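Q: Take a look at the following structure, please.
The values are calculated or read from the model by the stated rules, or taken from the named source; none is laboratory data. Note that the structure is a prediction, hence the values are computed from the model and not measured. Note: ideal-geometry Cβ built from the backbone for every residue, glycine included; neighbour counts use all protein chains shown. Surface accessibility is based on the protein's heavy atoms, side chains included, excluding ligands, DNA and RNA. Shrake-Rupley method; radii C 1.70, N 1.55, O 1.52, S 1.80 Å.
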Amino acid sequence: GRAGKAPPGGQMTARVETYVGAGGKTTSIFSRALMVRKSGKKVAIVTTTHMMRPASWFISSDLPDGWRDVWQRDGIIVVGTLLDNGKITYPGDAVYESLCNLADLVLVEGDGSRRLPLKVMGAHEPVIPKHSDVVYCLAGLSALGKTVGQACFRYELLGLADDTVITEAIMARIVEEGCLRRLGTFKPLTTVVLNQADDAILHQCGERILQKLSRPGLITAYDREARNTK
């Protein structure tokens, strides 16, 4: 097909959900993809920055022959440009836009977090496609009780000393000032996701943190949810 810009008014048919922050973006994306696939829908996953190449479902952004057949069979594809370090990056606008016309759901990983449970956005983050329907801002509750030096990427951008212990109030500040405040026009579309609520105490911590934030949120624990899925 001819690769072109999306028509004015953005008539791309897929729902687009962008995941930013830290503490389980990739797990959240794949859990969502598997859930949606059960209803017979086609899901495409991309990153606008970098993510690890997944063990399955990867399709190179040059879209090799038969890629649509693979997608039809598997229901999920992860499309990206492979880098030398085993990571993948954005597949380019033309490929991305064609995915948005062919998929039912496109899931976007919009920033990186060095595998830490918390982060502060850098100057050029996050990278959110302009027609995203919803943004999920993640943070990992496993960071509570650790220092920002141990558990938060780019904490210094908020002026925090590396030995600052992550309390509920500090975690709320990191999510609010380090992420939500940097989302611009996407903030009204954003839901906070506090992940890694692996026990009742962490779940209660998450509920108190959500009360301090300017956007509504969810509390998740994917290992438990995965065990409960049929």
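Q: Kindly write out, for segment 92-97 in residue order, the coupling ³J(HN,Hα) from the Karplus curve 6.51 cos²θ - 1.76 cosθ + 1.60 (θ = phi - 60°), rounded to whole Hz, with x marking Gly and Pro.
A: With the stated coefficients, segment 92-97 comes to x, 4, 4, 5, 4, 5 Hz.
Q: Among Gln72, Pro129, Leu144, whose Cα sits farthest toward the positive end of the charge dipole of the chain (+1 at Cβ of Lys/Arg, -1 at Cβ of Asp/Glu, about the Cα centre)?
A: Towards the positive end, the residue furthest out is Gln72.
Q: Now a separate question. Find the percent of Cα-Cα distances in segment 1-112 that exceed 16 Å, and round it to a whole number.
A: Looking at segment 1-112, the distances longer than 16 Å represent 57 percent of pairs.
Q: Same structure again: With a Förster radius of 25 Å, plug the Cβ-Cβ distance of Arg114 and Leu218 into 1/(1 + (r/R0)^6) and report the FRET value to the nearest 0.05.
A: 0.60
Q: State, in angstrom, two size descriptors of segment 128-230 derived from its alpha carbons: Rg to one decimal place and Dmax to the nearest whole number.
A: Just the Cα atoms of segment 128-230 yield Rg and Dmax of 14.1, 45 Å.
Q: Rounded to the nearest 500, what is the 222 nm mean residue ellipticity of the chain from helices alone, with -39500 (n - 2.57) per DSSP H run of 4+ residues and division by all residues?
A: -8000 deg cm²/dmol
Q: Taking a quarter of the surface of the convex hull around the Cα atoms of segment 106-157, what do you get in nm²?
A: Quarter of the Cα hull surface area: 4.2 nm².
Q: If you don't mind, another one. With every atom except the alpha carbons ignored, what do you get for Rg and Dmax of the chain, in angstroms?
A: So, for the chain, Rg and Dmax equal 17.9, 54 Å respectively.
Q: A follow-up question, please. Go through 31-39, 105-113 and give me the packing order, highest mean Cβ count within 10 Å leading.
A: Highest to lowest by the protection proxy: 105-113, 31-39.
Q: Please list, in order, the residues from segment 81-102 whose amide nitrogen is less than 14 Å from a point placed 7 Å along the Cα→Cβ vector of Val127.
A: Taking a point 7 Å out along Cα→Cβ of Val127, the residues of segment 81-102 whose backbone N falls under 14 Å are 81-83, 87-97.
Q: Just the accessible area for Arg15, please: 1.4 Å probe, Å², rounded to the nearest 10?
A: Only protein atoms counted, so the area is about 100 Å².
Q: With the alpha-carbon atoms as the only input, what is the per residue convex hull volume for segment 62-139 in Å³?
A: 135
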